[in-house]
Amino acid sequence: MQNNPSNHEMAMNKDELLQCILESDELPTLPTVASKLITLTSKEDTTLADIGELVSQDISLSAKILKVSNSAFYSFPQQIGSIKQAVSILGMNAVRSLVLSFSFLTMKAGKVESGFNFEKFWERSLASAVTAKLILENVKGADTEEVFVSGLLQNLGELILARSFPVEYDRVLQAIEDNQEDTFSAEEAVFGINHTLVGSEVAKRWGFPEVLLIPIQYHHHPDEYTGKNPAIRSTVRAVYLSELLVNILFSDKPEVYHKQFRKEAAKLLGLTSENIETILTQVHIKVKEAGIYFNLKIKTTKSVQEILQEANIRLSLINLDYDQMNKQLILAKVHLENLTQELEKKNSILDNLANIDGLTGVYNHRYFQNILDQEINRAERHNTSLSIILIDIDHFKKVNDTYGHQVGDFILTEFAKTIKEHIRQYDILARYGGEEFVVILPETNTEDALVVGEKLRSIIEQTPFQDNRETYHVTASFGQACSKPAVEDNFDKNGLINQADQALYEAKEKGRNRVVGYSLKKKWFAF
């Protein structure tokens, strides 16, 4: 028997309407892994191994989680090669958030056609998730593990209502367009209920924990949450602020939401002007990146500064006569072009800062992952070899323990500078993490890569690093791996990195200060 709601059911009271929604055939169902994961994480005796085993059953989902785990979304220095490792490093709650995020981002429209734009809904939801996380990252001591999925699902009730009552929800959309009502008020007028209650009740039916339920229920009115849990309170407020921030990016009244966001961010979470500027400067970049990580096409968003500038221009043109308007338009166009050029320069600087290791001045782990993808694609197109060399400074802990971390930082900086000076212009040097570095050698086979490795090893061994007080000498171990992606079956980037890592391990086992190359036959060869 079908349980799809119809027009006459709008006369129901709230409880009857909720029951009708919960029994509707149009109510989305959680994917199996997500449903089992909710149950599993609610048990006190659940182990990380249990979580890893469950998630690993879904190969497609596992691949997506590993992609995000190894992206700048987390910026871990080491490569995560398995779900078991991801669970161990990220933690149970973070993996649960990723599983739920990918599960909900795949939900589509119901059987009946509707004016509800599901694609736009998920674009805004992902933007809300990103901004909520960005906001809470600027709150000292805040727990950011759950806020991403809380931001993503804050308007879950809209999706449920649009699928359960497609015709009636079109009336909500029409009321918003005709009367400039907010979604909350329009839903109350049509249904006598709003999406916050619907979303929280459906989430409760799915077994969501309180930490995910409460932000859905209170994200429009955070002051109504009177619970004592400070982490949940901060999450509710961050999710509320995320909606204001997303409205700056996507609404036609960005200046109104900008003013409200600055005021509320300081009031609710104690964010400083510096915190707020950081958030406003980074938000459009973070949203764009998240679209890539979560396989969702989001149109390139302009920066907040550019959006507000355009809004100011529109306001200044009101009540001008034709000639004045033309003059203003010309001046505005010139000013906007200058502003755009300035913003492009600033964005270029920001992008550069995001890709550069702050201590050594070479590329960071995030950039290495991205550029390695590009070099692999280029090697495939041109049918060429690609080599990488992992480098680890020998006994670096002893350096820090003996001379102190300032000397350690000095050596890291000089080490990177020395390596960079002795590789080709189009080779890429990055800091892999800690005292480890990595060099990408495009169009380089194993033999030539080993020659490069030996040259660098010898130079490091013979180079004195001298500060104002002493002269320091270090050595390094090198692990090399090579691939020709175009001719290898099931080529895997992580596999190439792991091969270099194994070779580096072998170099250390054999006494350090040497270069070891990886062989598929596991016969190590070295200088």
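The values are calculated or read from the model by the stated rules, or taken from the named source; none is laboratory data. Computed from a predicted structure; not experimentally measured. Cβ sites come from the backbone with ideal geometry, for glycine too, and all protein chains shown count toward neighbours.
Details
- Exactly one residue out of 356, 428 is among the aliphatic types (A, V, I, L, M) and either at pLDDT 90 or above or exposed (fewer than 14 other Cβ atoms within 10 Å of the Cβ) (or both): that is 428.
Table: residues versus (1) without any contact (Cβ under 8 Å) to a residue 40 or more places away in the chain; (2) over 19 Å from residue 400 (Cβ atoms).
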residue	(1), (2)
433	no, no
439	no, yes
447	yes, yes
452	no, yes
462	yes, yes
466	yes, no
469	yes, no
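- Scan of region 450-505 for residues that are over 37 Å from the mean Cα position of the chain (by Cα) and closer than 12 Å to residue 391 by Cα, ordered by number: 454
- The set of residues from region 231-248 being hydrophobic (A, V, I, L, M, F, W, C) and either crowded, with 20+ Cβ neighbours inside 10 Å or at positive phi (or both) comprises 232, 236, 238, 239, 241, 244, 245, 246, 248.
- Check on residue 255, touching a residue at least 60 places away in the same chain (Cβ under 8 Å), of a type in the set (Asp, Glu) and buried (at least 17 other Cβ atoms within 10 Å of the Cβ): no
Residue-by-condition table, conditions (1) assigned by TED's automatic domain parsing to the domain that holds residue 186; (2) modelled with pLDDT of 80 or more:
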{"residue": "50", "(1), (2)": "no, yes"}
{"residue": "55", "(1), (2)": "no, yes"}
{"residue": "64", "(1), (2)": "no, yes"}
{"residue": "69", "(1), (2)": "no, yes"}
{"residue": "83", "(1), (2)": "no, yes"}
{"residue": "90", "(1), (2)": "no, no"}
{"residue": "129", "(1), (2)": "yes, yes"}
{"residue": "133", "(1), (2)": "yes, yes"}
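- Conditions (1) among the polar types (S, T, N, Q); (2) over 21 Å from residue 107 (Cα atoms); (3) touching a helix residue (DSSP H, G or I) at 6+ places or on another chain (Cβ under 7 Å); (4) outside any loop (DSSP other than H, G, I, E, B); number of the one not met by residue 144: (4)
- Looking across region 383-408, the residues that are under 20 Å from residue 483 (Cβ atoms) and either surrounded by 11 or more Cβ atoms within 10 Å (Cβ to Cβ) or hydroxyl-bearing (Ser, Thr, Tyr) (or both) come down to 384, 385, 386, 387, 388, 389, 390, 391.
Yes or no, residue by residue, for (1) crowded, with 20+ Cβ neighbours inside 10 Å; (2) at pLDDT below 90; (3) under 31 Å from the mean Cα position of the chain (by Cα):
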| residue | (1), (2), (3) |
| --- | --- |
| 140 | no, yes, yes |
| 146 | yes, yes, yes |
| 160 | yes, yes, yes |
| 175 | no, yes, no |
| 178 | no, yes, no |
| 181 | no, yes, no |
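- Enumerated helices (runs of 4 or more DSSP H) restricted to region 26-124, each holding at least 2 residues that are over 22 Å from residue 494 (Cα atoms) and free of Cβ contacts under 8 Å to residues at least 60 places away in the same chain: 32-41, 48-56, 92-104
- Scanning region 253-302 for residues that are under 12 Å from the mean Cα position of the chain (by Cα) and aromatic (Phe, Trp, Tyr) yields 293, 294.
- Residues of region 476-486 include none that is out of contact with any helix residue (DSSP H, G or I) (no Cβ under 8 Å at 6 or more places or on another chain) and charged (D, E, K, R).
To keep it simple, each residue is scored yes or no on (1) at pLDDT 90 or above; (2) outside any helix (DSSP H, G or I); (3) assigned by TED's automatic domain parsing to the domain that holds residue 436; (4) over 27 Å from residue 448 (Cβ atoms).
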site	(1), (2), (3), (4)
311	no, no, no, yes
324	no, no, no, yes
327	no, no, no, yes
333	no, no, no, yes
336	no, no, no, yes
341	no, no, no, yes
398	yes, no, yes, yes
411	yes, no, yes, yes
416	yes, no, yes, no
